[in-house]
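Structure first, commentary second.
The values are calculated or read from the model by the stated rules, or taken from the named source; none is laboratory data. Being a predicted model, the structure only gives us computed values, none of them experimental. Counting neighbours? That spans all protein chains shown, and the Cβs are built from the backbone with ideal geometry, glycine included. These accessible areas exclude ligands, DNA and RNA; they are computed on the full protein's heavy atoms, side chains included. Shrake-Rupley method; radii C 1.70, N 1.55, O 1.52, S 1.80 Å.
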Amino acid sequence: MRLLPRISVLFETAVRMALHDRMKLAGALLGVVFATFLGGQQLGIFLGLVQKNTLLADGVKADIWIAPKNTRQAEASTTLPERSVFLARTTPGVAWADPLLFQTGTLVTDNGTAEPVRILGFDASTGRGGPWNVTAGDPALLRNPGTLFLDTIDRKRHGGTNLGSVREVMGHQMQVVGFTSGLQPFGPTFAFTDFDEALRLFSRTDRNPHFVLVGVEPGADTAAVVAALQAALPDSDVMTGAEYHDRIVNYLLTETQIGVSFGTSTVFGLIVGFVIVGLTMFSGVVDNLREFGMLKAIGATTFDLALVLMLQAAGYAIAGSGIGLLLVGGLAAGIRSPALVVILPPWLIFGAPVLMLTVCISASFLALLRIRGLEPAMVFR
Amino acid sequence: MNAIVARNLTKRYGEGENAFLALRGVDLTVPTGEVLFVTGPSGSGKTTLLSILGCVLSPTDGTAQVLGLDVAGLREGRLAPFRRASIGFIFQGHNLIASQDAIGNVRLPLMLNGVGSAEATRRAVAELEAVGLGDKTMRLPRDLSGGQRQRVAIARATVGRPPLILADEPTASLDAKSGREVMELLTRLARERGTTVLVVTHDNRIFPYADRVVAIEDGQLVQEAA
Ligand SMILES: Nc1ncnc2c1ncn2[C@@H]1O[C@H](COP(=O)(O)OP(=O)(O)OP(=O)(O)O)[C@@H](O)[C@H]1O
Ligand SMILES: [Mg+2]
């Protein structure tokens, strides 16, 4: 195979040339590291925000959600009529339907400070919509009046709560019978109690829920049940859990500045990386013009020299994104807290190098043009 | 057999008012195995002639047969493999790759021609020994003297045993002693191997190494000296 030695010598040339000029190497790597770091960090924070905003939609086990019309966030701005629950239960294909109340209330600690909590009122007799990530206590205990589950994240803030602690919630004495862990959306932590208890806490005279959670009968077609429910409840939004999740993400991306701000930072990082790599590679070619001209004169083709550039670009991309990912990983581990999570999805390990490969190879285009226009006769001048 | 047969070679640089005739109908025949020097004043067209015969520049008019191949008008896609396989180049500056040691520079043309790395390294070391640099094979160009660099360049040009070697002012950047050594070396290797060599130079101190010297003036061959 005559091609192998040729590729190997071009590879060696690419590597040695790149390593020879340390300043340029550092410059190109810095560009890629910067782009990877900024992009990875922005993505990580954004995904962390998404996770917090979809905590309810993802955590509650329901095949289908019924919500007030135009619900697009992690909470409902109004309530549904009580009969929605009954209408849902009589719709073909529905196995069960239970109400869920989701509203911010206040908890008063022993020393009198009021702390906000996100109260989830679910049907404790069925347990649907009840606590998950339970670390202490049995959710069945919530069938007893005057009980609630709190989250361990806010134990201190709630005045050092333990199993059996009593706290005043919305003017009512409530006993802590269990704990969840990590259920903190954007804002206060979750507090679970029975639906009827929640109505009592908020002094409600109606029984209107914010959501109706629906389970589909085994074998029934979820899409068909969604359509049937939507027909039966034209004034509500009916969607699967996944659809609700997507709605929230979509809302974050389009209706808030979050998408724009994270998007612009990422794009800015990519552009800066592109420009730095592009200029570095171009000036590298200009610096080594005689060497490239010599290579052309002794019979290397433009394609051969393009390969040298591609290999260098690939090297910058892989090494730079590797360093960048390590830095983002360190940052994510460093700033992780209940209130702020930086989520680095596993695919980033492949995604970042692939993206940087694209950036670096397209950035080498200018250098490539210079090489393509290089006359081999120039070495004699 | 002739290594080079050029007829009526003409080269015009530029267009219209700025047009400049660098070669005006050069006829030149170089028999295989000859060591031919081309001399002449600055700007007379020596490098232009060498570039055309080295297949890195195409003539405006005329024909050139290099090692039996009619090269005028051939495209780069056809010429690059021909240069790679058949012509060794030595430049005025050594034009070595600064980031590669002597071995790396010398085995470059071999590997571009498909010789495996181990074999190419072996042959590069042997060639560096032949040019007297057997103890400096791992040196980077910056750690070699001017004469040593030019000897590495000679090894790079000769290692693939090309039938034709073209050299443009190979001694111009060297002192007299190094220049003589380099020419001594190049012509000795060439004569041992029957290689045809064409050297462009206006350094008349090295004329004794030539089989034949021709002069060029204003783009025309004017005289043939012994
Ligand atoms: N690419 C070019 N474009 C325009 N004019 C050129 C070009 N290359 C060479 N010339 C002109 O052609 C003439 C011959 O140039 P060439 O380089 O062949 O001369 P030379 O004999 O090698 O000179 P020197 O001894 O100085 O190297 C010179 O006048 C030069 O200015
Ligand atoms: Mg010249």
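Numerical summary
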quantity	calculated
Within region A:119-140, tally of residues that are farther than 19 Å from A:Ala97 by Cα and touching a Ser or Thr at 6+ places or on another chain (Cβ under 6 Å)	3
Hits in region A:244-269 - residues which are open to solvent by 70 Å² or more (accessible area, probe 1.4 Å) and free of Cβ contacts under 8 Å to residues at least 12 places away in the same chain	A:Asp246, A:Leu253, A:Thr254, A:Gln257, A:Val260, A:Thr264, A:Val267
Hits in region B:81-92 (condition: at the interface with chain A (Cβ under 7 Å from one of its Cβ atoms) and either surrounded by 24 or more Cβ atoms within 10 Å (Cβ to Cβ) or assigned to a loop (DSSP other than H, G, I, E, B) (or both))	B:Arg83, B:Phe89, B:Phe91
Criterion: within 16 Å of ligand 2 (Cβ to nearest atom) and away from chain A (no Cβ under 13 Å) - qualifying residue of B:Gly194, B:Gly219, B:Gly132	B:Gly219
Within region A:142-160, considering residues that are under 15 Å from A:Leu107 (Cα atoms) and more than 31 Å from the chain's Cα centre (by Cα), the one surrounded by the most Cβ atoms within 10 Å (Cβ to Cβ)	A:Thr147
Per-region count, region A:352-379, residues within 16 Å of ligand 1 (Cβ to nearest atom) and in contact (Cβ under 8 Å) with a residue 40 or more places away in the chain	6
Selected residue [at pLDDT below 90 and among the polar types (S, T, N, Q)] from A:Thr280, A:Thr266	A:Thr266
Flag if A:Leu366 is touching a Leu at 6+ places or on another chain (Cβ under 9 Å), assigned to a loop (DSSP other than H, G, I, E, B) and more than 16 Å from ligand 2 (Cβ to nearest atom)	no
Any chance B:Gly68 is away from ligand 2 (no atom under 16 Å from the Cβ) and either away from every other protein chain (no Cβ under 11 Å) or crowded, with 17+ Cβ neighbours inside 10 Å (or both)	yes
Residues of region B:1-13 satisfying the condition of being in a strand (DSSP E or B) and open to solvent by 30 Å² or more (accessible area, probe 1.4 Å)	B:Asn2, B:Val5, B:Arg7, B:Asn8, B:Arg12, B:Tyr13
Residues of region A:162-203 that turn out to be open to solvent by less than 60 Å² (accessible area, probe 1.4 Å) and either hydrophobic (A, V, I, L, M, F, W, C) or free of Cβ contacts under 8 Å to residues at least 40 places away in the same chain (or both), as a count	18
Close pairs (7 angstrom Cβ cut-off, 6 or more residues apart or separate chains): assigned by TED's automatic domain parsing to the domain that holds A:Ile7 in region A:292-318, polar (S, T, N, Q) and part of a helix (DSSP H, G or I) anywhere	A:Val308/A:Thr13
Unmet criterion (only one of (1) within 8 Å of chain A (Cβ to nearest Cβ); (2) open to solvent by less than 20 Å² (accessible area, probe 1.4 Å); (3) within 16 Å of ligand 2 (Cβ to nearest atom); (4) not acidic (Asp, Glu)) for B:Gln100	(3)
Lone unmet requirement of (1) open to solvent by less than 40 Å² (accessible area, probe 1.4 Å); (2) of a type in the set (Asp, Glu); (3) more than 26 Å from A:Met17 (Cα to Cα) for A:Glu217	(1)
Residue satisfying all of: in region B:14-54; without any contact (Cβ under 8 Å) to a residue 24 or more places away in the chain and open to solvent by 60 Å² or more (accessible area, probe 1.4 Å); nearest to ligand 2 (Cβ to nearest atom) among these	B:Gly43
In region A:9-50, the residues that are at the interface with another protein chain (Cβ under 9 Å from one of its Cβ atoms) and touching a helix residue (DSSP H, G or I) at 6+ places or on another chain (Cβ under 6 Å)	A:Val9, A:Leu10, A:Thr13, A:Ala18
